[in-house]
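Quick notes on the structure that follows.
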Amino acid sequence: MFGKLKNFFTNTPPAPVKPLFYDIVCPYCFAKFHHENVVFRAGHHREDDEAFHLQEDEKLNQYRAKFGLAPIDELEAWIEPSTIADENKLYSDNVLVGVSDRYSVVTRNRLCPECHNDLPVTAGKYPSNIISIVGATSVGKSVYITSLIRTLQRVTASNFEAACLPLNNSISRRFRDEYEIPLFESGNLFEATASTKRQEPFIFQFVFKNDDRAPLTLVFFDVAGEGMTQKDYLQLHASHIKNSAGILFLVDPIQIRAIREKMIYQMGENPGKIVGIADEPREVVISLFEDFISQQENSKTNIPTAVVLTKSDLLHALRSEDGEYIQSNSNVFRNVIHRGFLNLDEFENINGEIKRFLSKVDIPFVDAVDVYFKDTAYFAVSALGSNPVNQQVNGIISPIRVDEPFIWLMYKLGYIEGRQEQ
Ligand SMILES: Nc1nc2c(ncn2[C@@H]2O[C@H](COP(=O)(O)OP(=O)(O)OP(=O)(O)O)[C@@H](O)[C@H]2O)c(=O)[nH]1
Ligand SMILES: [Mg+2]
Ligand SMILES: [Zn+2]
């Protein structure tokens, strides 16, 4: 009663309270834990104290083995904060960031308690945001991740007064050597990602130049589409998808039965590689949801989900004046650049157009999405800008609207504003 009265007189809503700290989600293994439960890598080693010998770190090597990485022989010991007196713990912004060990050597090297990988310096001070990219085999996940990360680094970051940085050099090198150079410099497409190949996630930080704005830790996992309806494979990825802050759900137009024949016919003599019908988008949604997203909530999930139609360059084949499927002046073929904020007019146009299109050609899929996901929007991207011939990209790759679903997720997560063009 008093609260109501007070609000009535002052007429200002209570200011939102920023939490003092956040649970940490490990960007390597996706374990979620309290910031006081991290462990530390000792800042030195000693021959005369067994507890401080150089030693094998079993947890770290188990993690590395899972992703096919060579074990590391010897490392400094790891230290549990529970063995350290409170006065020897160091805090920054209410988050435990360091300890002084029994030799008064300070370490600020925080590790995940589950997998013993180094945590980002911002862990616990800001929310951790994992963005999952899912979709059936051959929808274009590997190509899209490459084109998206490259665009985030070269275009989106500067449009939002930010920088998009790999978390460390080994991620930077792996992204360049295995993804960016082969595709963008040599024009080669990728082999199908095998579900037996364990890949470490790509971790990037999207850091705003204005210090007051929280950085985003982005984790992209290049999952194998062939595993998307296999229970044991999904189990391996359960924690990363369940702990996601956003989902990019990719749909391949050539996999939609109602338009497949028409598109192949229109592509004429050189249609490129056309794979057989794989799992239908609806099957992927259902297995994704029932196998684990539902385990946390039992009804709809609140995780904002961008449904992304890939290979939008192929939709040229469906273009017509009467716009039975795609209008000839459709938004799909026009690259749109969002600067500083999400342009809500452009967003609403593409969202409306693609939702209508998918409702026409694959209503069971749209219905499944509506049933399971509370917060969705529809997009269309072309990671390559044109249809490759013989698994080779010709000429310069000019991606279309690739960062738009990501910008929408930043908007949904409260990092940027959305505005009408006026
Ligand atoms: N026309 C066109 N084709 C594309 C585009 N992106 C991908 N493709 C085609 O789709 C194929 C598969 O792309 P990938 O990125 O390897 O697919 P994926 O989803 O990673 O597949 P899995 O690894 O099997 O799950 C490529 O070899 C290209 O032929 C695009 O933007 N336009
Ligand atoms: Mg792949
Ligand atoms: Zn971990």
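This table checks each residue for (1) in the same structural domain as Thr146 (by TED's automatic domain parsing); (2) part of a loop (DSSP other than H, G, I, E, B); (3) within 21 Å of Asn390 (Cβ to Cβ).
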| site | (1), (2), (3) |
| --- | --- |
| Phe175 | yes, no, no |
| Tyr179 | yes, no, yes |
| Phe184 | yes, no, yes |
| Phe190 | yes, yes, yes |
| Thr193 | yes, yes, yes |
| Asn210 | yes, yes, no |
| Arg213 | yes, yes, no |
| Thr217 | yes, no, no |
| Glu226 | yes, no, no |
In the stretch 198-226, the residues that are surrounded by fewer than 20 Cβ atoms within 10 Å (Cβ to Cβ), over 15 Å from the mean Cα position of the chain (by Cα) and at pLDDT below 85: Arg198, Asp211, Asp212, Arg213, Ala214, Glu226
Cross-chain or 6+ apart pairs with Cβ under 7 Å, the stretch 14-41 first and surrounded by 13 or more Cβ atoms within 10 Å (Cβ to Cβ), then basic (Lys, Arg) and at pLDDT 90 or above: Val38/Arg110; Phe40/Arg110
The listed residue being buried (at least 16 other Cβ atoms within 10 Å of the Cβ), assigned by TED's automatic domain parsing to the domain that holds Thr193, more than 16 Å from ligand 1 (Cβ to nearest atom) and among the β-branched types (Val, Ile, Thr), out of Thr107, Thr137, Thr156: Thr156
Pair list, Cβ under 9 Å, 6 or more apart: the stretch 211-239 residue without any contact (Cβ under 8 Å) to a residue 12 or more places away in the chain, other residue within 16 Å of ligand 3 (Cβ to nearest atom) and assigned to a helix (DSSP H, G or I): Leu236/Lys66
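Residues checked against (1) within 22 Å of Ile145 (Cα to Cα); (2) in contact with a helix residue (DSSP H, G or I) (Cβ under 6 Å, 6 or more places away or on another chain); (3) aliphatic (A, V, I, L, M):
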residue	(1), (2), (3)
Val336	yes, yes, yes
Pro364	no, yes, no
Ala368	no, yes, yes
Pro388	yes, no, no
Val393	yes, no, yes
Ile396	yes, no, yes
Gly414	no, no, no
Glu417	no, no, no
Count of the stretch 394-412 residues which are over 17 Å from the mean Cα position of the chain (by Cα) and surrounded by 19 or more Cβ atoms within 10 Å (Cβ to Cβ): 3
Failed condition for Val38, given (1) at pLDDT 90 or above; (2) away from ligand 3 (no atom under 16 Å from the Cβ): (2)
Search result, residues across the stretch 30-47 that are part of a loop (DSSP other than H, G, I, E, B) and under 18 Å from Ala123 (Cβ atoms): Phe30, Ala31, His34, Val38
Tyr144 vs. criteria touching a residue at least 24 places away in the same chain (Cβ under 8 Å), within 14 Å of ligand 2 (Cβ to nearest atom) and under 13 Å from the mean Cα position of the chain (by Cα): yes
Identity of the residue in the stretch 97-125, of a type in the set (Ser, Thr, Tyr) and over 32 Å from the mean Cα position of the chain (by Cα), that ends up nearest to ligand 2 (Cβ to nearest atom): Ser100
The stretch 110-134 - residue that is aliphatic (A, V, I, L, M) and either modelled with pLDDT of 95 or more or touching a Gly at 6+ places or on another chain (Cβ under 7 Å) (or both) and, of those, farthest from ligand 1 (Cβ to nearest atom): Leu111
Selected residue (criterion: surrounded by the most Cβ atoms within 10 Å (Cβ to Cβ)) from residues of the stretch 48-75 that are without any contact (Cβ under 8 Å) to a residue 60 or more places away in the chain, in a loop (DSSP other than H, G, I, E, B) and out of contact with any Leu (no Cβ under 9 Å at 6 or more places or on another chain): His53
Candidates Asn94, Asn88, Asn188 - the one that is under 20 Å from Thr217 (Cα atoms) and either surrounded by fewer than 20 Cβ atoms within 10 Å (Cβ to Cβ) or within 16 Å of ligand 2 (Cβ to nearest atom) (or both): Asn94
Selection from the stretch 323-343 of residues that are in a helix (DSSP H, G or I) and either within 22 Å of the chain's Cα centre (by Cα) or polar (S, T, N, Q) (or both): Asn331
So Val369, is it hydrophobic (A, V, I, L, M, F, W, C) and assigned to a loop (DSSP other than H, G, I, E, B): no
Number of positions in the stretch 308-322 that are in contact with a helix residue (DSSP H, G or I) (Cβ under 7 Å, 6 or more places away or on another chain), in a strand (DSSP E or B) and not aliphatic (A, V, I, L, M): 0
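The values are calculated or read from the model by the stated rules, or taken from the named source; none is laboratory data. Keep in mind it's a predicted model, so treat the numbers as computed, not measured. Here Cβ is always computed from backbone atoms with ideal geometry, including for glycine, and neighbour counts include all displayed protein chains.
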